[in-house]
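Notes follow once the structure below has been shown.
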Amino acid sequence: MSIRGLKKTQPKTFKVKVITMDAEMEFSCEMKWKGKDLFDLVCRALGLRETWFFGLQYTIKGMSTWLKMDKKVLDQEIPKEDPVSFRFLAKFYPEKVEEELLQEITQHLFFLQVKKQILDEEIYCSPEATVLLASYAVQAKYGDYDPNFHEPGFLAQDELLPKRVLRQYQMTADMWEEKISAWYAEHRGIARDEAEMNYLKIAQDLEMYGVNYFPIQNKSDTDLLLGVDAKGIHVYSINNRFSPNKSFEWSGIRNISYSEKELTIKPLDKKAEVFKFFSSQLKVNKLILQLCIGNHDLFMRRRKVDSIEIQQMKAQAREEKARKKMENQRLAREKQLREEAERAKEELERRLFQLEDEARQANEALLRSQETAELLAEKAQIAEEEAKLLAQNAAEAEQERQRLEMAALKTKEEKRLMEQKMREAELIAVKLVKESDRRAKEAERLKQDLHEAREAERKAKQKLLDVTRLKYPHVARYPHHSPAETRDVNFDKGSVKMDLKDVDLKRLSFEIERERYRNTPKM
């Protein structure tokens, strides 16, 4: 076959990009492929068997539309792009996630999609519930909480809470992280698939979970919202997406049909009123009908006996869950043993380090002890020499003390004697002063006596002269005497004078000696 022939036989293809919640994939599709062919290719690439929940969504003219499975891909109104972009999303939601989501990949895709819807505020969630959901999301991503590894700030790059909740409270990112981490620490030992399932079990109880909303009008042209979910069809007020004004369960609906923009819901009870509403576009009616048919089929399917395929899948899921549980228990046990071994190792290393440190300290202490012993020996020798010197000095000091004591006693005795002598000298001085005064008085008296004696002598002389004149008148009459006579007279006169003087002097000497003897201190 020629090369030209090979080129002619090769099928023409076009590129497709499929975006899942956590990955992007590119495929080459044949021109004749239907939507189911592309969808099956994506499911095989993902390893997904629970295909009935999902679909391929694209956006055209601002409206989100699902790729039809029974129609060629290129015959549908898809974007004119290269490659053509599709989003692989959950189209229908289970009533009970724990019973219906069997594969781990199915759970994971639902978890990612519901998480995004909550963060984008397509599903309303209370602030308390968002914190709890965020803690399960963190457990699914990071595993068990480890304070040594998950330090403050480790959630800074993760989007975990809706912006509405962040704006509602005046709390910093660190404060939110602390609240989330407090719940996160409580989930220790929960595997990733369990954490994601716990997240979904909480989310499925939210009022807006799994509901597709469409704007409609009733016969009175009142704006309403039509909601389609796994349980039925609900009619809401335009400003209230939580509590429906009217609900139609799938079990109570006999038929749903549309004619251009009008869509009719006929209850199973023929007596009940038929509900009619209008949408803005025919495409919206088709999309509503498509979702209603799919959800109704799943609703009826859940209430029938499971097919062989579903039974096998459930059995495999149970076996896989049991195996994973045992595996998780084994891993948990191994992890616990490893942690205990690591703790024991750390304890041994710590103890070894402690012993090494103690040995090093003991060695250093021994060296210091040896150095101290040598130093103490030197000090002892010096102390001994100093002790000898001090003993010698002490003996000398004792001798000096005794000498000083004797000197002090001697000095004390001398001082006493000196004081006594001083007292005696003072007494003598006092006596001498008194004696001096007395002698002065005595001298004055003697002087007076001498004066009186001289006066008496003069008077005696005069009297003698007078007597002499009376006795020897011729002497007085004849003044010129012979020398002999003159000598006789003078002799008598001198005799008288000497006698008087001798008497007075002797008496004075006697008085002085007597007073001196009287005043001389007795030894």
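Give me a count of the residues in the range 147-163 that are touching a residue at least 40 places away in the same chain (Cβ under 8 Å) and farther than 14 Å from Leu133 by Cβ.
1
Just wondering, is there one or more residues in the range 216-223 that are of a type outside the set (Gly, Ala, Ser) and in contact with a helix residue (DSSP H, G or I) (Cβ under 8 Å, 6 or more places away or on another chain)?
No: the range 216-223 contains no residue that is of a type outside the set (Gly, Ala, Ser) and in contact with a helix residue (DSSP H, G or I) (Cβ under 8 Å, 6 or more places away or on another chain).
Search the range 136-165 for residues being under 28 Å from the mean Cα position of the chain (by Cα) and part of a helix (DSSP H, G or I), and hand back the single one that is nearest to Leu112 (Cα to Cα).
Filtering the range 136-165 for residues that are under 28 Å from the mean Cα position of the chain (by Cα) and part of a helix (DSSP H, G or I), the one nearest to Leu112 (Cα to Cα) comes out as Val138.
Report, by residue number, each residue of the range 115-145 that is farther than 19 Å from Asp193 by Cβ and open to solvent by 60 Å² or more (accessible area, probe 1.4 Å).
Scanning the range 115-145 gives Asp120, Glu121, Glu122, Tyr124, Glu128.
Only one of these is part of a strand (DSSP E or B) and surrounded by fewer than 14 Cβ atoms within 10 Å (Cβ to Cβ): Glu26, Glu77, Glu98. Name it.
Result: Glu26 is the single residue among Glu26, Glu77, Glu98 that is part of a strand (DSSP E or B) and surrounded by fewer than 14 Cβ atoms within 10 Å (Cβ to Cβ).
Only one of these conditions is not met by Lys314: (1) at pLDDT 85 or above; (2) under 30 Å from Asp229 (Cβ atoms). Which number is it?
Result: Lys314 passes all but (1).
For every residue, the table says whether it meets (1) among the hydroxyl-bearing types (Ser, Thr, Tyr); (2) over 30 Å from Asp144 (Cβ atoms).
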residue: Arg302; (1), (2): no, yes
residue: Arg318; (1), (2): no, no
residue: Ala359; (1), (2): no, yes
residue: Ser369; (1), (2): yes, yes
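Which one is surrounded by the fewest Cβ atoms within 10 Å (Cβ to Cβ) among residues in the range 249-270 that are of a type in the set (A, V, I, L, M) and in contact with a Ser or Thr (Cβ under 9 Å, 6 or more places away or on another chain)?
That would be Leu268.
So for the range 418-428 (the condition being of a type in the set (Val, Ile, Thr), surrounded by 11 or more Cβ atoms within 10 Å (Cβ to Cβ), farther than 30 Å from Asp144 by Cα and in contact (Cβ under 8 Å) with a residue 12 or more places away in the chain), does at least one residue qualify?
Scanning the range 418-428 turns up at least one residue that is of a type in the set (Val, Ile, Thr), surrounded by 11 or more Cβ atoms within 10 Å (Cβ to Cβ), farther than 30 Å from Asp144 by Cα and in contact (Cβ under 8 Å) with a residue 12 or more places away in the chain.
Quick one: Lys61 ticks every box in (1) under 30 Å from Met313 (Cβ atoms); (2) at pLDDT below 95 except a single one, so which number is it?
Here Lys61 meets the rest and fails (1).
Could we say that Gly210 is small (Gly, Ala, Ser) and surrounded by 14 or more Cβ atoms within 10 Å (Cβ to Cβ) here?
When the stated conditions are applied, Gly210 passes them.
Those residues that are surrounded by 15 or more Cβ atoms within 10 Å (Cβ to Cβ) and assigned to a strand (DSSP E or B), I need them from the range 31-71; list them, please.
Lys34, Phe54, Gly55, Leu56, Gln57, Tyr58, Thr65, Trp66
Does any residue of the range 317-337 turn out to be of a type in the set (A, V, I, L, M, F, W, C), assigned to a helix (DSSP H, G or I), under 22 Å from Phe54 (Cβ atoms) and under 54 Å from the mean Cα position of the chain (by Cα)?
Yes, the range 317-337 has at least one match.
Considering only residues that are of a type outside the set (Phe, Trp, Tyr), part of a loop (DSSP other than H, G, I, E, B) and within 19 Å of Asn295 (Cβ to Cβ), look in the range 80-95 and name the one that is least open to solvent (accessible area, probe 1.4 Å).
Pro94
Looking at the range 311-332, I want the residues that are free of Cβ contacts under 8 Å to residues at least 40 places away in the same chain and have a partner that is among the polar types (S, T, N, Q) and open to solvent by 90 Å² or more (accessible area, probe 1.4 Å) with Cβ atoms under 8 Å, at least 6 apart or on another chain. Which pairs are those?
That search, which allows pairs on different chains as well, returns nothing.
The values are calculated or read from the model by the stated rules, or taken from the named source; none is laboratory data. Predicted model, so just to flag it, every value in this text is computed and none were measured. Glycine also receives a Cβ, built like all others from the backbone with ideal geometry; neighbour counts cover every protein chain displayed. Heads up: the accessible areas ignore ligands, DNA and RNA and are worked out on the full protein's heavy atoms, side chains in. Shrake-Rupley method; radii C 1.70, N 1.55, O 1.52, S 1.80 Å.
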